[in-house]
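Undergrad: First, the structure itself, so that you have it in front of you.
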Amino acid sequence: MKSPAQIASMAELRAEIDLLDAALVAALADRARLIDRAAELKRAEGMAALVPERVAEVLAHVRSEAVARGLDPALAEALWRQIIDWAIAREEEALARGKDA
């Protein structure tokens, strides 16, 4: 990954953004697989998909990471709320399927 100061043209900048976007998508796909495993473990342990304390913990961690890296923490939190909402819905669906099995 080049630093912004090392980038000399818009074409080069766009290529760097495309590389970063691909890495973000890969990381989100990895996270989705972990969410699928979380649903399996929650089913086995009799847990609900939504654990409010965990949501608060994740959001606090994300905000802290954002501040440490110079990213607007409100943006990071908004993005993660979307990710968390999606994950909870995915877990709820998996837990419901598990009850039918």
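Undergrad: If M1 satisfies all but one of (1) in contact (Cβ under 8 Å) with a residue 12 or more places away in the chain; (2) assigned to a helix (DSSP H, G or I), what's the number of the condition it fails?
TA: Only one criterion is unmet by M1, namely (2).
Undergrad: Tell me the helices (runs of 4 or more DSSP H) entirely within region 5-101 that contain at least 2 residues that are surrounded by fewer than 12 Cβ atoms within 10 Å (Cβ to Cβ) and either on the phi > 0 side of the Ramachandran plot or in contact with a helix residue (DSSP H, G or I) (Cβ under 6 Å, 6 or more places away or on another chain) (or both).
TA: On the way: elements: 10-45, 52-69, 73-100.
It comes to none.
Undergrad: What are the residues in region 2-22 that are among the basic types (K, R) and at pLDDT below 95, if any? Break it down into steps so the answer makes sense when it comes.
TA: Pass one, region 2-22, residues among the basic types (K, R): 2, 14.
If the condition is that a residue be among the basic types (K, R) and at pLDDT below 95, then K2 is the only one that fits.
Undergrad: What number of residues in region 11-33 are hydrophobic (A, V, I, L, M, F, W, C) and touching a residue at least 40 places away in the same chain (Cβ under 8 Å)? Give the steps one after another, and end with the answer.
TA: Going through region 11-33, the residues hydrophobic (A, V, I, L, M, F, W, C) turn out to be 11, 13, 15, 17, 19-20, 22-29, 32.
After this cut, where a residue has to be touching a residue at least 40 places away in the same chain (Cβ under 8 Å) as well, the list is 28, 32.
Result for region 11-33: 2.
Undergrad: Does any residue in region 77-100 that is closer than 12 Å to V58 by Cα come within less than 7 Å, Cβ to Cβ, of a residue that is part of a helix (DSSP H, G or I) and hydrophobic (A, V, I, L, M, F, W, C) six or more places away or on a different chain, and which pairs are these?
TA: E77/L59; E77/V62; W80/V58; W80/L59; W80/V62; I84/V55; I84/V58
The values are calculated or read from the model by the stated rules, or taken from the named source; none is laboratory data. All of these numbers come straight from a predicted model, not from anything done at the bench. Positions of Cβ are backbone-derived with ideal geometry, glycine not excepted, and every protein chain shown enters the neighbour counts.
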